[in-house]
1. Fewest to most neighbouring Cβ within 10 Å: what's the order for B:V81, A:V42, B:V61?
2. Based on the Cβ-Cβ distance from B:R94 to B:R63, what FRET efficiency comes out when R0 is 22 Å, to the nearest 0.05?
3. Loop-only trypsin sites (Lys or Arg not before Pro) in the range B:45-116, please: DSSP not H, G, I, E or B, and at most 16 other Cβ atoms within 10 Å.
4. I need to check one value: relative contact order of the range A:25-116, counting alpha carbon pairs closer than 8 Å and at least 6 residues apart, in percent.
5. Quote the charge dipole size of the range B:36-116 about the Cα centre in Debye, to the nearest 20; the model charges only the Cβ of Lys and Arg (+1) and of Asp and Glu (-1).
6. For a quick size check, give me the Cα extents of the range A:27-94 along its three principal axes, largest first, whole Å.
7. Between the alpha-carbon centers of the range B:54-116 and the range A:80-113, tell me the distance in whole angstrom.
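Just so it is clear, none of the values below were taken in a lab; they were calculated from the coordinates. Computed from a predicted structure; not experimentally measured. Glycine gets a Cβ as well: all are built from the backbone with ideal geometry, and neighbour counts include every protein chain shown.
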2 protein chains.
Amino acid sequence: MTSIDYRRSSMNETECEPGPLSHEDAATYAAWFKALADPMRVRLLNLLAAERRAMTVGEIVARLPIGQSTVSHHLRILAEVRFVLAERQGTSTRYEVNGACLECFPAAVRAIMGQP
Amino acid sequence: MTSIDYRRSSMNETECEPGPLSHEDAATYAAWFKALADPMRVRLLNLLAAERRAMTVGEIVARLPIGQSTVSHHLRILAEVRFVLAERQGTSTRYEVNGACLECFPAAVRAIMGQP
DNA sequence: CCATTGTTTCGACGTCTGTGAAATCAAGGC
DNA sequence: GCCTTGATTTCACAGACGTCGAAACAATGG
């Protein structure tokens, strides 16, 4: 619902002067950080990255100590900020890491702190 | 109180194989992200970084649309994870950015996602 | 059509969080 | 000593969050 448009973020921009951040950018970056502000979501993303393949919800549930609905909840949060990508295949949904988030985090830090 | 020891994190390490993360590391990285999971804290850190100097709480209060106790609360959260450093000078306390957090965020992302 | 399997959504519960007002503490100046 | 100024802590409250179980939804196979 409240998905974020990644193309307008600093993810794909190179300029990064150390000026003040707009309130909108601050909210965007905070939303990115909030998506990973839970240990189980960090483990979930790390699991998907380590497996290097798209996984179903059932496979993930078998690897994490939380219930199915909670995994679905976390996947929704990660998908809303596009850290994971979802694709329905028949009766199941496969989730995989969005490799672009490898760049957006350092870019957010540079935007916040300026590059000295 | 629940401060985090930065020396045991991946901030100062270069190796970063794409293996699974320990639960403790996942919690540590989640704590880092949680510290910036609020728009006002992002703006606060950006303000300190843009000014490029140590600021008192009063100066920060004059620049952000929140009260003094709330600024102090946010500064405590940022200081607990060492994103800002505090130093008492006489009757006031000066806060400044810890430049090391420019590296720890990309390092955390690499540890979670592996470097492909 | 019904049954089954995988996934999402809903309802509920306890916990945590962001905020401000008020109280408290710390350090100087009178 | 008392008073003033700056900062932290305490208290309270509304809202959000993580978790689970149950219900609802989707897609396939009988």
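1. B:V61, B:V81, A:V42
2. Once rounded, the FRET efficiency stands at 0.90.
3. Passing both the DSSP loop test and the Cβ count: B:R52, B:R53, B:R63.
4. 28 percent
5. 40 debye
6. 36, 24, 23
7. If you average the Cα positions of each part, the centres end up 27 Å apart.
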